[in-house]
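> Quick one: structure below, then a few questions.
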Amino acid sequence: MWKGECFVFDNRVSVNHQLEKGQYDQCHGCRLPITEEDKKSDKYMQGVSCHQCHDSLSEEQKQRFLEREKQIRLSEQRGQNHIGSDAVSQLEENRAIKQAQKMKQREKA
Ligand SMILES: [Zn+2]
């Protein structure tokens, strides 16, 4: 059903991987690289959103990202590798975003 999305997902994971290994920070909400300057914005929340996507994320999404960020921090503290479960939650998020977009389109129609 979501073949196209799966491809994007795979692609994003590898991009994400490189970015994390590099010196960039990345906004979890929109996947764009963020600078130190961007982090000064009120709308920047680590692991959640930046000024570019803050207003387009639903409260529910932000809550979930925030929760996920907490889990990552926790697993980092425990010295665990989070990548496996990260990929799973990423899939869920993509699905949720897709659904939200669909609902919006329906509202317009
Ligand atoms: Zn963002």
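> Show the residue pairs meeting these rules: Cβ distance below 6 Å; 6+ apart or different chains; first residue within the stretch 31-52 and assigned to a strand (DSSP E or B); second residue open to solvent by 50 Å² or more (accessible area, probe 1.4 Å) and more than 8 Å from the ligand (Cβ to nearest atom).
PRO33/TYR24; ILE34/ASP25
> Sticking with this one: Output the residues belonging to the stretch 52-61 that are surrounded by fewer than 16 Cβ atoms within 10 Å (Cβ to Cβ) and either touching a strand residue (DSSP E or B) at 6+ places or on another chain (Cβ under 6 Å) or within 16 Å of ARG31 (Cβ to Cβ) (or both). Working first, answer last.
Taking the stretch 52-61 first, the residues surrounded by fewer than 16 Cβ atoms within 10 Å (Cβ to Cβ) are 55-56, 58-60.
Passing the criteria: only SER56.
> Also, quick follow-up: What do you reckon, is LEU19 at pLDDT 90 or above and either open to solvent by 90 Å² or more (accessible area, probe 1.4 Å) or within 14 Å of the ligand (Cβ to nearest atom) (or both)?
On the way: at pLDDT 90 or above: no; either open to solvent by 90 Å² or more (accessible area, probe 1.4 Å) or within 14 Å of the ligand (Cβ to nearest atom) (or both): yes.
Here the answer is no, as LEU19 does not meet what is asked.
> Which residue pairs have Cβ atoms closer than 7 Å, lie 6 or more positions apart in sequence or on different chains, and pair a first residue in the stretch 55-78 that is closer than 21 Å to SER41 by Cα with a second residue that is open to solvent by 80 Å² or more (accessible area, probe 1.4 Å)?
GLU69/GLN46
> While we're here: Checking ARG73 against (1) modelled with pLDDT under 90; (2) loosely packed, with under 12 Cβ neighbours inside 10 Å; (3) among the charged types (D, E, K, R), only one condition comes out false. Which one?
(2)
The values are calculated or read from the model by the stated rules, or taken from the named source; none is laboratory data. Because the structure is predicted, anything quoted here is derived from the model rather than measured. A quick note on method: Cβ atoms are made from the backbone with ideal geometry, for glycine too, and the neighbour counts reach across all protein chains shown. Side chains included, ligands, DNA and RNA excluded: accessible areas come from the protein's heavy atoms. Shrake-Rupley method; radii C 1.70, N 1.55, O 1.52, S 1.80 Å.
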